[in-house]
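First the structure, then my questions, so here it is.
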Amino acid sequence: MTHTADAPATPPPLDEIKIGGLGASRRRVEDNRFIRGRGNYLDDIALPGMLHMEVLRSPLAHARIKSIDASKAWAIPGVRMVLTGEALATRNLGWMPTLSYDTQAVLATDKVRFQGQEVAAVVADDPYIAKDAVTAIQVEYEPLPPIVNPEQALAPDAPIIRDDKLGQDDNVVFDWEVGDREGTERAFAEADHVSRLSLHYPRSHPSPLETCGAIADFDRATGKLTVYLTTQAPHIVRAAVALIAELPEHQIRIVSPDLGGGFGNKVPVYPSYVVAILASILCERPVKWIEDRSGNLISTGFGRDIYLDGQVALRKDGKVLAVRMDTVSDHGAFFADAQPSKFKIGLMHSAFAAYDIPYAYLAARGVYTNKAPGGVAYRCSFRVTEAMFFQERMMQAAADDLGLDQAEFRRINFVRDDDFPHRTPYGFLTDSGQYRKCLDLALAEIDYEGFLEEQKAARERGRLLGIGISTMTEPLGAGNSREYDILGIKMFDSAELRVHMTGKALLRTGAKTQGQGHETTWAQIVAHELGLPADDIVVEEGDTDTAPFGMGTYASRSTPVAGAAISMAARKVKAKARRIAAHLLEVSEEDVEWELGRFYVRSQPSRGVTIQETALAAYSNMPDGLEPGLEANAYYDPPNLTWPFAAYVCTVEVDPDTGVWDVLRFVAVDDCGVRINPMIVEGQIQGGLTEAYAMASMQFITFDADGNCVGSNFMDYLLPTAWETPGWELHEVVTPSPHHPIGAKGIGECATVGGPAAFVNAVVNALSHTGVRNVDMPMLPDRVHQALTTGRDVSGAPPVKTD
Ligand code: MCN
Ligand code: CUM
């Protein structure tokens, strides 16, 4: 290359992968501190003068409280305070609002309504004294009949669980409908065949490795309340505390430190948080509360627990004409669903979004029972897991009824690639996808035809092989603000990017990582937009005093919303840097071109300045009239949700003698649009599939007839280890989201949402010769064996017999 002395050579273009930009499988920067044991979790925080709180939980599921005598607890040396519902009620804190416009007892006053409900709290000098003192509190209960399922809740003579609520004379939480009822009925009248399936999606629990906790620190001198809290949504908690405790917002600081997993468990505001805050205000000392494992498993974060009766209207060529869904969901004693839509049953009606179906109708009823509040989204955008499970279970039943091939039946009904944006049968708008391509890739990888033959041959020798398909698109990334809000606060998200003089940068967002790797991936978005090496960008989240206002991390909304805000903030920074570059290059802005990391003169590409040079100039040599500094923030209100797609295919072998089933292979094709960090995306899918497998195979958390929670410890409620977890075979398809600045869609939940149906479809397929249509999860060997020997569906609905 030739060049003159005053025109330097054009530098080679930056390698985006090398600087850790979009598409780089960059190692997780947060792991550096985690694997060294240097994470900063709630339990690692110790404040001077900190007191410790323990809560007393109800042993009974339903009982009237006749009296509480805490005198013995008060008398124990080291006890600083005992709080009961009475004490809270005098401060108007006996009850608190839930995210679903219901109320929830903070500490029980009139009745206990589920086993494990918070009844009293002790604050003491150390946690052991607090624990001992809790057992010294004497509560006299008058037992009431417990209700553990909707059938009992809706019985005419059922006791009213929520007799605290004026005008509540039954156990119905809501009665809601959506879709085109008449159109659906007409379509059913014209159908050649109607397929039907009933099932129960059991309660499940996110059980993150770290339980929930709070350290409240009220400083009387400054009037400031600081709360270290295991929360996925610190700003929402700040708003809630401002409302509940009537403290001014600027005097509240919520800090969410490193989280040992969230999975939805850390979205709600739990009663003990409120009690810890009040205790700190009253004691004028920091007060720490951290949950034990059973407390976490019996009182927080339950998901699912929903009954579905589904019907599919079919034409004999395989076209689905309409679907009808009737659901009854069990919400426990308080309607505390953590979901931000105006839809009573969350996004249940996102079901069948992947299929081109003209009519659909959903009737949804919710009931109160004597169980801990349910309906927390556990790795699921608000009932989407249940929606897609029902959908894919019904699709299998429908194909079987028509005698059609499972894959072909799905292909017939898929939304076509050229049919986007597509209006779903219940009215959502999906953004993009290549559904057939994903399914065909999965089938090719598993050798579908080959397996069907192997299955037939095995049958003849008495071996039971099964194959299950699950294909789905799911809505990720709430909002937009038109349709999604939490207690009136609109769903959007934010980013704030500050580029320092030397071209290093600080990025803060309103999201909150719990293990998803935001510190790694967010820097990659900035690297992609600005050409700054990802290693030069530090990411901070979770402190309401420093992070821009945001709605937190759940519903896989971080990439779709906060991720988009990061792009927009970086683009604002770039726009300003361009003006500085024009000044430095002594040309007009229109003559300045951009390539990754560098501005140059259009007519003379060798003359340029790096983004780092513009950063230095922003503090040392700015053009006249331009504000110094190089930073920007952005609030992003997405025009739509993002709709990733997944095709999961699973093969199993069932042992006819024992009902034990093993996964032979599991092929997953995920399309989450553009992947920021392919390694992290694969990690998300592997984790999600493992949770799906856990629910399908072993996780048993339920209730007996007395309302006792069965499975309230890790001896009974199992987490799969590497030993039992099958190997996952992952593949990708990339269909960018047309409305996201970098084309990315959410991925965090897809595998947990779409996975379970693949396992159940596979096991039911292996049993197809018996006529069995359903085995409820978890498909424990005794359930599968029962299905095999009786030829009848197996229900897992509570109550269970425990003897
Ligand atoms: N990502 C990517 N490219 C994409 C999409 C995502 O590289 N196209 C990356 C993201 O940048 C991010 C991760 O994958 O680092 C997950 O992104 P996203 O899908 O946006 O999900 P969120 O960050 O909003 O995480 C929430 C989601 C939910 S709702 C649950 S529940 C869940 C999940 O993430 N909880 C988790 N995954 C979890 N993973 C861990 N380790 N711990 C949890 O508690
Ligand atoms: Cu859907 S459980 Mo996640 O939303 O935290």
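Can you list the residues, at least 5 places off or on another chain, whose amide H is less than 5 Å from the amide H of Leu664, using H built in the peptide plane?
Excluding prolines and chain starts, which carry no amide H, the hits are Thr651, Val652, Glu653.
Right, something else. Can you tell me the FRET efficiency between Asp405 and Asp164 if r is taken as the Cβ-Cβ distance and R0 is 51 Å, rounded to the nearest 0.05?
0.40
Sticking with this structure for a sec: Within region 696-732, find all residues whose amide N lies under 15 Å from a label point positioned 7 Å from the Cα of Asp662 along Cα-to-beta-carbon.
723-727
Can I get the semi-axes of region 435-566's equivalent ellipsoid? Compute them from the C-alpha gyration tensor as square roots of 5 times the eigenvalues, in angstrom, largest first.
So the three semi-axes of region 435-566 are 44, 20, 12 Å.
What full-extension length gain, to one decimal in nm, is calculated for Trp723 and Glu590 as 0.36 nm per residue of separation minus the Cα-Cα distance?
Taking 0.36 nm per residue and subtracting the Cα distance, the gain is 41.8 nm.
Only bridges with both residues in the chain count here: give the DSSP antiparallel percent, nearest 5.
Here the share of antiparallel DSSP bridges comes out near 80 percent.
Using only the alpha-carbon atoms of region 52-162 as identical scatterers, what base-10 log of I(q)/I(0) does the Debye formula give at q = 0.15, 0.19, 0.23 Å⁻¹?
Ignoring solvent entirely, the Cα scatterers give -0.68, -0.98, -1.24.
Got a sec to turn the phi values of region 90-103 into Karplus ³J(HN,Hα) couplings, 6.51 cos²θ - 1.76 cosθ + 1.60 with θ = phi - 60°, whole Hz, x for Gly and Pro?
With the stated coefficients, region 90-103 comes to 5, 9, 6, 10, x, 10, 10, x, 9, 5, 10, 6, 10, 10 Hz.
Next question. Considering amide H positions built from the backbone, and no H for Pro or chain starts, which residues 5 or more places from Phe174, or on another chain, come under 5 Å of its amide H?
The answer is Gly366.
Still on this structure: Work out how much length Asp110 to Asn32 would gain on full extension: take 0.36 nm times their residue separation and subtract the Cα-Cα distance, in nm to one decimal.
Using 0.36 nm per residue and subtracting the Cα-Cα distance, I get 23.1 nm.
Using alpha-carbon pairs under 8 Å, 6+ residues apart, how would you state the relative contact order of the chain in percent?
Computed value for the chain: 16 percent relative contact order.
For Arg607, what residues show an amide H to amide H distance below 5 Å, using hydrogens built from the backbone and excluding near sequence neighbours?
Val601
Could you give the Stokes-Einstein D for the chain in µm² per second, using the C-alpha Kirkwood radius, 20 °C, 1.002 mPa s?
So the translational diffusion coefficient is about 77 µm²/s.
Where does each of 721-730, 757-766, 234-243 land if you order them by average Cβ count within 10 Å, highest first?
Sorting 721-730, 757-766, 234-243 by mean packing, highest first, produces 757-766, 234-243, 721-730.
Give me the distance in nm between label points sitting 7 Å out from Cα along the Cα-to-Cβ direction at Asp447 and Lys342, one decimal.
Result: 5.4 nm between the two label points.
Just to be sure I follow: if Rg is taken over the C-alpha atoms of region 368-443 and Rh is the Kirkwood radius over the same atoms, what is Rg/Rh?
Dividing the radius of gyration by the Kirkwood radius yields 1.06.
What is the Cα coordinate range of region 714-756 on the first, second and third principal axes, sorted by size from largest, in whole angstrom?
Dimensions of region 714-756 along the principal axes of its Cα atoms: 46, 20, 16 Å.
Using the Karplus curve 6.51 cos²θ - 1.76 cosθ + 1.60 with θ = phi - 60°, what ³J(HN,Hα) values do you get for each residue of region 542-555, in whole Hz, with x for Gly and Pro?
For region 542-555, the Karplus curve yields x, 10, 5, 6, 10, 6, x, 4, x, 9, x, 10, 5, 6 Hz.
Given 25 °C and 0.890 mPa s, how large is the Stokes-Einstein diffusion coefficient of region 165-261 in µm²/s, with Rh as the Kirkwood radius over Cα pairs?
In µm²/s, the coefficient is 130.
Let me ask you something else. For region 571-704, just say rounded, prolate or oblate: build the C-alpha gyration tensor, square-root its eigenvalues into a ≥ b ≥ c, call rounded for a/c under 1.5, and beyond that prolate if a/b exceeds b/c, oblate if not.
prolate
In nanometres, what is the gap between the two model label sites at Ser25 and Ala155, each 7 Å from Cα along Cα-to-Cβ?
5.7
Let me ask another. What are the ³J(HN,Hα) couplings of region 395-412, residue after residue, when phi is run through the Karplus curve with 6.51, -1.76, 1.60 and θ = phi - 60°? Round to Hz, x for glycine and proline.
4, 5, 4, 5, 4, 4, 4, 7, x, 9, 5, 4, 6, 5, 4, 5, 4, 4
Using a Förster radius of 35 Å, what is the FRET efficiency between Lys18 and Leu626 based on their Cβ-Cβ separation? Nearest 0.05, please.
Efficiency, from the Cβ-Cβ distance: 0.65.
Write out the chymotrypsin sites (Phe, Trp or Tyr not before Pro) in region 45-123 meeting two conditions: DSSP loop, and at most 14 other Cβ atoms within 10 Å of their Cβ.
Tyr101
Something else now. Where Rh denotes the Kirkwood radius from the mean inverse Cα pair distance, what is Rg over Rh for region 664-732?
1.12
For Asn713 and Asp219, calculate 0.36 nm times their separation in residues minus their Cα-Cα distance, and state this gained length in nm to one decimal.
174.1 nm
Take the Cα atoms of region 762-803, find their three principal axes, and give me the spread along each one in whole Å, biggest first.
For region 762-803, the Cα spread along each principal axis is 32, 17, 14 Å.
Using alpha-carbon positions, what is the distance between the centroids of region 83-140 and region 407-447, in Å?
That distance is 50 Å.
Tell me, how many Å apart are the Cα centres for region 324-366 and for region 144-177?
That distance is 20 Å.
For the residue pair Thr90 and Ile76, what label-to-label distance in nm results when each label sits 7 Å from Cα along the Cα-to-beta-carbon direction?
Here the modelled spin labels are 2.2 nm apart.
Just so you know, all these numbers are worked out from the coordinates, no wet-lab data involved. Worth saying up front: this structure is predicted, and the values here are computed from it rather than measured. No Cβ is skipped: glycine too gets one built from the backbone with ideal geometry, and neighbour counts run over all protein chains shown.
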